[in-house]
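A.B. asks: For reference, the structure I am asking about is given below.
Values in this text are rule-based calculations from the coordinates and carry no lab data. Computed from a predicted model, the values in this text were never measured in an experiment.
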Amino acid sequence: MPVLFVGHGNPMNALLRNDYTRELGRLARLIPRPAAVLCVSAHWMTEGTWVTHMRRPKTIHDFYGFPEELFAIRYPAPGSPETAELVRATAAKYRLELDDDMWGLDHGAWSVLRHMYPAADVPVVQLSVYLGQPPSYHFELGRQLRPLRERGVLILGSGNVVHNLRLMQWDGKPQPYPWALQFDAYVAEKIAARRFDALLADPATMPGGVESVPTPDHWYPLLTALGAADETDRAVFEYEGIDNASVSMRCVSFGLKP
């Protein structure tokens, strides 16, 4: 299986048909049907690293102030305890914890997957973001999870390269902040050059990084996806753009056959 990193952005994308959501559907048609999806979502932040283990994960609406239509969405994809146990065994050195009732599928997962697999018929498990660990932890965790690809598991990182909610602009079609463009371009350059090591530094030391990554929750899923990518995988930027002036929607695939 390939590896994907998707910028999920505004939860309203779950309801929209636009270039971004159509691209998600196109990607799903190019990918062989997964045995399961392992989604590393920015919206499940934990102490320790956890993986959902329930057979029927609930749909979590982890936002507020949006239309009732968005809260009415349910994404009833099955869970897969077997996949969760395989994830834990594959990354045994990280002592993953199994979650039977705490979490489910948050909008970092379902707002993307409902465009990729609208029938909700592919099993999904979520992997949490251990926020207290450094960038190297998340990258190395991805490396440990890499063998899952050979077992038909689609590893999907869901976050945003640039994610500054405080400075978002909602009116009209605002121009991206210069620092957002700078950081997004810097990250793309390093990925294209396979200089993943450069992205394991503190984002605050990178051009535009202070404003672009005020907190690392949406950044770390990218590092896990980079770790899961094989050295020979072709990297393709499947979508790019800055929404609301301060949120990068950049999506990248690794190892997806043309």
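A.B. asks: Spelling out what I want: for every residue of region 151-163, take phi, set θ = phi - 60°, compute 6.51 cos²θ - 1.76 cosθ + 1.60 (Karplus), and round to whole Hz; glycine and proline get x.
C.D. replies: For region 151-163, the Karplus curve yields 9, x, 8, 8, 8, 10, x, 10, x, 7, 4, 10, 8 Hz.
A.B. asks: If you don't mind, there's one more thing I want to ask. In the Gaussian network model of the chain, springs joining C-alpha atoms below 10 Å, which of PHE63, PHE183, PHE139 carries the largest mean-square fluctuation?
C.D. replies: Greatest mean-square fluctuation among the candidates belongs to PHE63.
A.B. asks: Using Cα springs under 10 Å in a Gaussian network model of the chain, which residue among ASP19, ASP243, ASP184 shows the largest mean-square fluctuation?
C.D. replies: Checking each option, the largest mean-square fluctuation is seen for ASP19.
A.B. asks: Further, regarding this structure: Considering amide H positions built from the backbone, and no H for Pro or chain starts, which residues 5 or more places from ILE155, or on another chain, come under 5 Å of its amide H?
C.D. replies: Excluding prolines and chain starts, which carry no amide H, the hits are LEU4, LEU38.
A.B. asks: For region 148-258, calculate the relative contact order in percent as a whole number, restricting contacts to Cα pairs under 8 Å that are 6 or more residues apart.
C.D. replies: Answer for region 148-258 is 39 percent.
A.B. asks: Taking amide H atoms as placed 1.01 Å from N in the peptide plane, list the residues 5 or more away in sequence, or in a different chain, whose amide H sits under 5 Å from that of ALA42.
C.D. replies: Residues meeting the criterion, in which the H sits 1.01 Å from N, are SER158.
A.B. asks: What are the semi-axes of the equivalent ellipsoid for region 134-238, taken as the square roots of 5 times the Cα gyration tensor eigenvalues, largest first, in whole Å?
C.D. replies: Result for region 134-238: semi-axes of 26, 14, 13 Å.
A.B. asks: Something else about it: What translational D, rounded to a whole number of µm²/s, comes out for region 201-250 from Stokes-Einstein when the hydrodynamic radius is the Kirkwood one over Cα pairs, at 20 °C and 1.002 mPa s?
C.D. replies: Once the numbers are plugged in, D ends up at 171 µm²/s.
A.B. asks: With an 8 Å Cα cut-off and a minimum separation of 6 or more residues, compute the relative contact order for the chain in percent. Display every interim value, and only then the final one.
C.D. replies: Details: 562 pairs, mean separation 80.9, N = 258.
Result for the chain is 31 percent.
A.B. asks: What number, in nm² with one decimal, is the all-direction average of the projected area of the convex hull of the alpha-carbon atoms of the chain?
C.D. replies: Numbers: hull surface 49.5 nm².
Hull-based average projected area comes out at 12.4 nm².
A.B. asks: Would you grab the residues whose amide H sits under 5 Å from the one on MET249? Only those 5+ places off in sequence or on another chain, please, with H modelled 1.01 Å from N.
C.D. replies: Amide H neighbours of MET249: GLY241, ILE242, ASP243.
A.B. asks: Among PRO203, PRO123, PRO67, which one moves the most in a GNM of the chain with springs linking Cα atoms closer than 10 Å?
C.D. replies: PRO67
A.B. asks: In whole Hz, with x marking every Gly and Pro, tabulate ³J(HN,Hα) for region 164-169 from phi via Karplus 6.51 cos²θ - 1.76 cosθ + 1.60, θ = phi - 60°.
C.D. replies: Along region 164-169, the couplings run 10, 5, 4, 9, 4, 10 Hz.
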